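J.: First the structure, which I've put down as C-alpha cells, then a few questions once you've had a look.
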Amino acid sequence: MILFSLVLLAAAWGSLYRGSDDPVLVRIMSPEGEWLYSLDTETDLLIPGDLGTTAVHIHGGEAWVSDSPCRDKVCVSMGKVSSLHGWIACLPNRVFIQVVPAHSTGEAEVDGVSF
C-alpha cells in the first residue's frame, strides 16, 4: 500500500510540474489597454500608465520592467518573470505584467496562494 501511494504521488507530481509544449504569453495590462506577446519574443515596449511610461522588456524567455515613473520603483526591483503565473505590478502607474498560458487569455483565476 505504501509503495502504491508513493508511485501515485510521483505520478501526480510529475504531471503537475512537467514542462508543457503549450505556448506561453506575457499579458500586459494598463489603463490604456491590454497587450499579449509570446514569451519567446525579443522586444522592448513602452507601456502608457497613469503616471507616464513604463519600460517593459521581453528577452530570452523572461519579462521585466527596467524603468517606471513611480516613486519607489518596486516594479523594477521585482526582477524578471518567466514561469507561469509569475507577475510584476506597478500599482501607482497601474501597469500589470503576467505570464499566462496561451489558452488562458480571459480573466486570471484566483488560486490558493493569492486567496
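J.: Which of the numbered conditions does Ser77 fail, given that it passes all the others? Conditions: (1) hydroxyl-bearing (Ser, Thr, Tyr); (2) more than 22 Å from His103 (Cα to Cα); (3) surrounded by 14 or more Cβ atoms within 10 Å (Cβ to Cβ).
T.: (3)
J.: Out of the stretch 85-103, which residues are farther than 13 Å from Tyr37 by Cβ and surrounded by 15 or more Cβ atoms within 10 Å (Cβ to Cβ)?
T.: Correct list: His85, Gly86, Trp87, Ile88, Ala89, Cys90, Pro92, Asn93, Arg94, Val95, Phe96.
J.: Now a separate question. Look at the stretch 38-53 and say how many of its residues are within 16 Å of Trp87 (Cα to Cα), at pLDDT below 95 and not polar (S, T, N, Q).
T.: Count: 1.
J.: Out of curiosity, is Ser77 of a type outside the set (A, V, I, L, M, F, W, C) and in contact (Cβ under 8 Å) with a residue 24 or more places away in the chain?
T.: no
J.: Further, regarding this structure: Do we find that Val56 is out of contact with any Ser or Thr (no Cβ under 7 Å at 6 or more places or on another chain), at pLDDT below 95, within 15 Å of Gln98 (Cβ to Cβ) and surrounded by 15 or more Cβ atoms within 10 Å (Cβ to Cβ) in this structure?
T.: So Val56 does not fit the description; no.
J.: Now for a separate question. Just one of (1) in contact with a strand residue (DSSP E or B) (Cβ under 8 Å, 6 or more places away or on another chain); (2) outside any loop (DSSP other than H, G, I, E, B); (3) modelled with pLDDT under 95 trips up Ala12, so point out which.
T.: The failed condition is (1).
J.: Can you pull out every residue in the stretch 80-98 that is free of Cβ contacts under 8 Å to residues at least 60 places away in the same chain and either within 13 Å of Val24 (Cβ to Cβ) or assigned to a strand (DSSP E or B) (or both)?
T.: Passing the criteria: Val81, Ser82, Ser83, His85, Gly86, Trp87, Ile88, Ala89, Cys90.
The values are calculated or read from the model by the stated rules, or taken from the named source; none is laboratory data. What you are looking at is a predicted structure, and each value in this text was computed from that prediction instead of being measured. Please note: Cβ atoms are built from the backbone with ideal geometry, for glycine as well, and neighbour counts cover all protein chains shown.
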